[in-house]
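Structure record follows, encoded as structure tokens.
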Amino acid sequence: MSILLNEDTRLIVQGITGKEGAFHTRQMLEYGTKVVAGVTPGKGGQTDDNGLPIFDTVQAAADATGGNSSVIFVPPAFAADAVLEAIAARMKLVVCISEGIPTADMVPVKLALNGSETRMIGPNCPGVITPGVGKIGIMPGFIHRPGHVGVISRSGTLTYEAVHQLTERGIGQSTCIGIGGDPIIGSNFIDLLKLYKDDDQTEGVVLIGEIGGSAEEEAANWIVENNFTKPVVAFIAGQTAPPGRRMGHAGAIISGGKGTAADKMAALKAVGIAVCETPAVIGETMEKALAAR
Amino acid sequence: MKIHEYQGKALFRAAGVPVPKGFPAFSVKECVEGAAKLQTNKIVVKAQIHAGGRGKGGGVKIVSPANVQEAAEALLGMTLVTHQTGPEGKLVQRLLVEEASDIARELYAGIVLDRSTSQFAFMVSTEGGMEIEKVASETPEKIIKEWITPGQDLKVYQARKLAFSLGLTGVQVKYAVKTFMALWQVFKQYDCSLIEINPLVVTRSDEIIALDSKINFDDNALFRHPDILELRDLSEEETSEIEASRYHLNYIKLEGDVGCMVNGAGLAMATMDIIKHCGGEPANFLDVGGVANAETVAHGFNIILSDKNVKAILINIFGGIVRCDRVAQGVIDAMGQLKVNVPVVVRLEGTNAVQAGEMLENSPLEFIVAKNLEDAAEKVVLASKGGK
């Protein structure tokens, strides 16, 4: 069984009538995702182009359709509130695609997630895909194939690159997750490694980090302290990034001499993780790691 | 977004964080005239640029009123080089003129996001005036922190705890608490991503004064602070980067000679990394985002080529929702319109990549088509060194 997204997932799209929301709802349906409803405040009672019912609130959508997960395509100024609404409606999984949410808005969201029933992915992320089952997000489905390797990444297109390399070598994926490029995110590497650890389908994990923060170092410690024995292959983007400059993602910044790629690569190597020197060898490195088990 | 020290101090003053008496000046005349009104015998003239280490770089002068003119003349128009400006330095166009303080102790105060707890942290240290990064790595126990509960404010007891941890006594504690509470309000009110006061001083008359101010704002929250946006000093930013932001392109100029145009920030960084790995030096970071059409590609080319160091360009696009054939058409159109006189290596992968490759091969324009990421990096580095 995959993690986060499986045959039981019934998806609600928050912001379904927006340009992005409408486009990706269609894409998700075409991939086979069980999308059951949309939410746009003020448009309750209407249906979208795919015939999906639209509701004013997440709770109403969930009550009427049995939706248990949501994806958010809401403008950044309102996105944190959309997440809080999804948590209040007890969604099991909330994937927030929206980019550009103020950090101060995310602080109370993190607090609301604590002790709730909701697992949040993102914001500012491509989403979650369980190949062959469904996708929640904006990634191209066709580059994936069902299989046994999990992918967790702070990036978008770089994740596609890694997945493409795996698929080219015949290595399928269990569940691929873009956790997002912001300083505050719903789930970090450790949260998801815990799920992969208990997932029978997942036999190895690709971990793609980048400069900024210390999530990769913390993941390295967790892996060794918790006896995570499935092979892990890592790549850290931003070896050539200058300090003090935000490299696109709000979270990708080396500040105060902390969060460099070199530090992260050293921390991962120190616990025996295969660290790729270049992004071109991610697939190859995983192939070797799986063969060496 | 960053602002100048004098702008930060104006926000401090308005919020009740004590700062020295002073004023910003854009000319020598303004300096001299304003300094007379300060009515003090010791004056500090400080260069205003968006970089730290100004004191060490010679950008701060402490003078008598008679020597203000001389100090202002020396500083205005100088190119100030500090450990944060890079070797090319920054042109000094603004000054801050202040009354000098009678310093008894130099402390540090700051507020940042603690990413591992997802809470804001208020930090103080007795090691003011030092490079705080150095203090943090060598003697982390000398940085005292209090975390702000989400959705709430810094509590008075927390501010008091911080004040006592700095060894403050008597009336100093009262002043420090007031200062810390006010500082948190500035941070919260303006959606700051960082506030630092280094040094925060205790004077011989027991006052607490912010001798410096460093404030960074959360770019994602600027939409709700039009007043802060007005403080932006475009002359402190790279012209090409301002130009790029106008077209929603994310560009950062670097020192190398291999230009690159990529979709997605992570892939853009990874592309820079593999260029370096293959023996080249990236000239820039450029994320063209989700829409890589002829217009974006053309703007991207213009910005990359405005950097005269660029000897070759790599276009690396992983088409997901963006179709590669559209991107290829964009590249062909842009190259047809513009004079691109350096070799261009193109690597397109993902949706409709095969058609895209054929379009590039069949075009009369000269592209070097790469089959994968490594091949692309090798080819562009070779091309940048004059090889084929």
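The values are calculated or read from the model by the stated rules, or taken from the named source; none is laboratory data. Just so we're clear, the structure is a prediction, and the values are computed from it rather than from any experiment. Cβ placement follows ideal geometry from the backbone for every residue including glycine, while neighbour counts extend to all protein chains displayed. When the accessible area is computed, the model is the full protein with side chains, heavy atoms only, and any ligands, DNA or RNA have been set aside. Shrake-Rupley method; radii C 1.70, N 1.55, O 1.52, S 1.80 Å.
Summary of computed values
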item: Top-ranked residue of segment B:187-227 - restricted to ones that are part of a helix (DSSP H, G or I) and among the acidic types (Asp, Glu), ranked as surrounded by the most Cβ atoms within 10 Å (Cβ to Cβ); result: B:Asp219
item: Enumeration of residues in segment B:97-141 that are closer than 25 Å to B:Ser64 by Cβ and open to solvent by less than 70 Å² (accessible area, probe 1.4 Å); result: B:Val97, B:Glu98, B:Glu99, B:Ala100, B:Ser101, B:Ile103, B:Ala104, B:Gly129
item: Unmet criterion (only one of (1) buried (at least 19 other Cβ atoms within 10 Å of the Cβ); (2) within 14 Å of another protein chain (Cβ to nearest Cβ)) for A:Asp263; result: (1)
item: Failed criterion for A:Val36 (all others in (1) in contact with a Leu (Cβ under 9 Å, 6 or more places away or on another chain); (2) part of a loop (DSSP other than H, G, I, E, B) hold); result: (2)
item: Residue satisfying all of: in segment A:156-167; facing chain B (nearest Cβ under 9 Å) and assigned to a helix (DSSP H, G or I); farthest from A:Asn124 (Cα to Cα) among these; result: A:Gln165
item: Matching residues, segment B:49-74, being open to solvent by less than 30 Å² (accessible area, probe 1.4 Å) and basic (Lys, Arg); result: B:Arg54
item: B:Lys46 being closer than 21 Å to B:Gly128 by Cβ, in contact (Cβ under 8 Å) with a residue 12 or more places away in the chain and surrounded by fewer than 21 Cβ atoms within 10 Å (Cβ to Cβ); result: no
item: Residue match in segment B:80-96 (condition: more than 30 Å from B:Glu255 (Cα to Cα) and either open to solvent by 10 Å² or more (accessible area, probe 1.4 Å) or at pLDDT 95 or above (or both)); result: yes
item: Those residues of segment B:276-296 which are more than 8 Å from chain A (Cβ to nearest Cβ) and part of a helix (DSSP H, G or I), in sequence order; result: B:Ala294, B:Glu295, B:Thr296
item: B:Ala10 being closer than 30 Å to B:Lys134 by Cβ and out of contact with any strand residue (DSSP E or B) (no Cβ under 8 Å at 6 or more places or on another chain); result: yes
item: Residue in segment A:85-113 that is surrounded by the fewest Cβ atoms within 10 Å (Cβ to Cβ), counting only those that are among the charged types (D, E, K, R), more than 9 Å from chain B (Cβ to nearest Cβ) and not in a helix (DSSP H, G or I); result: A:Arg90
item: Per-region count, segment A:203-249, residues at the interface with chain B (Cβ under 9 Å from one of its Cβ atoms), crowded, with 24+ Cβ neighbours inside 10 Å and of a type in the set (A, V, I, L, M); result: 6
item: Given (1) in a helix (DSSP H, G or I); (2) touching a residue at least 60 places away in the same chain (Cβ under 8 Å); (3) of a type in the set (Ser, Thr, Tyr), index of the condition A:Ser174 fails; result: (1)
item: Complete set of residues in segment B:49-87 that are touching a Cys at 6+ places or on another chain (Cβ under 7 Å) and without any contact (Cβ under 8 Å) to a residue 24 or more places away in the chain; result: none
item: Complete set of residues in segment A:266-288 that are out of contact with any Asp or Glu (no Cβ under 6 Å at 6 or more places or on another chain), away from chain B (no Cβ under 11 Å) and open to solvent by 20 Å² or more (accessible area, probe 1.4 Å); result: A:Ala266, A:Lys269, A:Ala270, A:Val271, A:Gly272, A:Ala274, A:Val275, A:Thr285, A:Glu287, A:Lys288
item: Test: residue in segment A:118-138 that is part of a helix (DSSP H, G or I) and more than 18 Å from A:His249 (Cα to Cα); result: no
item: Qualifying residue in segment B:253-269 (condition: more than 11 Å from chain A (Cβ to nearest Cβ) and not in a loop (DSSP other than H, G, I, E, B)); result: yes
item: Subset of segment B:228-242 [open to solvent by 30 Å² or more (accessible area, probe 1.4 Å) and more than 20 Å from A:Gly100 (Cβ to Cβ)]; result: B:Glu230, B:Leu231, B:Leu234, B:Ser235, B:Glu238, B:Thr239
item: Qualifying position, being touching a helix residue (DSSP H, G or I) at 6+ places or on another chain (Cβ under 8 Å) and either farther than 16 Å from B:Ile62 by Cα or among the hydrophobic types (A, V, I, L, M, F, W, C) (or both), among B:Ala14, B:Ala25, B:Ala10; result: B:Ala25
item: Pair list, Cβ under 6 Å, 6 or more apart: segment B:339-361 residue closer than 28 Å to B:Asp257 by Cβ, other residue open to solvent by 20 Å² or more (accessible area, probe 1.4 Å) and assigned to a helix (DSSP H, G or I); result: B:Val345/B:Lys379; B:Ala356/B:Asp325
item: Residues (out of contact with any strand residue (DSSP E or B) (no Cβ under 8 Å at 6 or more places or on another chain) and either within 14 Å of chain A (Cβ to nearest Cβ) or crowded, with 23+ Cβ neighbours inside 10 Å (or both)) located in segment B:335-362; result: B:Val354
item: Condition check for B:Lys155: without any contact (Cβ under 8 Å) to a residue 12 or more places away in the chain, within 14 Å of another protein chain (Cβ to nearest Cβ) and surrounded by fewer than 21 Cβ atoms within 10 Å (Cβ to Cβ); result: no
item: All positions within segment A:222-278 that are on the phi > 0 side of the Ramachandran plot and modelled with pLDDT under 95; result: A:Asn227, A:Gly244, A:Gly248, A:Gly256, A:Gly257, A:Gly259, A:Gly272
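Each row is one residue, and each column tells you yes or no for (1) away from chain B (no Cβ under 12 Å); (2) among the charged types (D, E, K, R); (3) under 29 Å from A:Thr285 (Cβ atoms).
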site: A:Gly115; (1), (2), (3): yes, no, no
site: A:Gly137; (1), (2), (3): no, no, yes
site: A:Val151; (1), (2), (3): yes, no, yes
site: A:Arg154; (1), (2), (3): no, yes, yes
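Yes/no per residue for (1) over 28 Å from B:Gly55 (Cβ atoms); (2) at pLDDT below 95; (3) outside any helix (DSSP H, G or I); (4) touching an Asp or Glu at 6+ places or on another chain (Cβ under 6 Å):
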site	(1), (2), (3), (4)
B:Lys134	no, yes, no, no
B:Glu141	no, yes, no, no
B:Lys145	no, no, yes, no
B:Gly151	yes, yes, yes, no
B:Lys161	yes, no, no, no
B:Met181	yes, no, no, no
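Here is a yes/no grid of residues against (1) free of Cβ contacts under 8 Å to residues at least 40 places away in the same chain; (2) β-branched (Val, Ile, Thr):
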{"position": "B:Val262", "(1), (2)": "no, yes"}
{"position": "B:Leu267", "(1), (2)": "no, no"}
{"position": "B:Met272", "(1), (2)": "yes, no"}
{"position": "B:His277", "(1), (2)": "no, no"}
{"position": "B:Leu286", "(1), (2)": "no, no"}
{"position": "B:Gly289", "(1), (2)": "no, no"}
{"position": "B:Asn293", "(1), (2)": "yes, no"}
{"position": "B:Thr296", "(1), (2)": "no, yes"}
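Residues are listed down the side, and each one gets a yes or a no for (1) aliphatic (A, V, I, L, M); (2) closer than 20 Å to A:Asn6 by Cα:
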position	(1), (2)
A:Ser116	no, no
A:Val128	yes, yes
A:Arg145	no, yes
A:Gly156	no, no
A:His164	no, no
A:Glu168	no, no
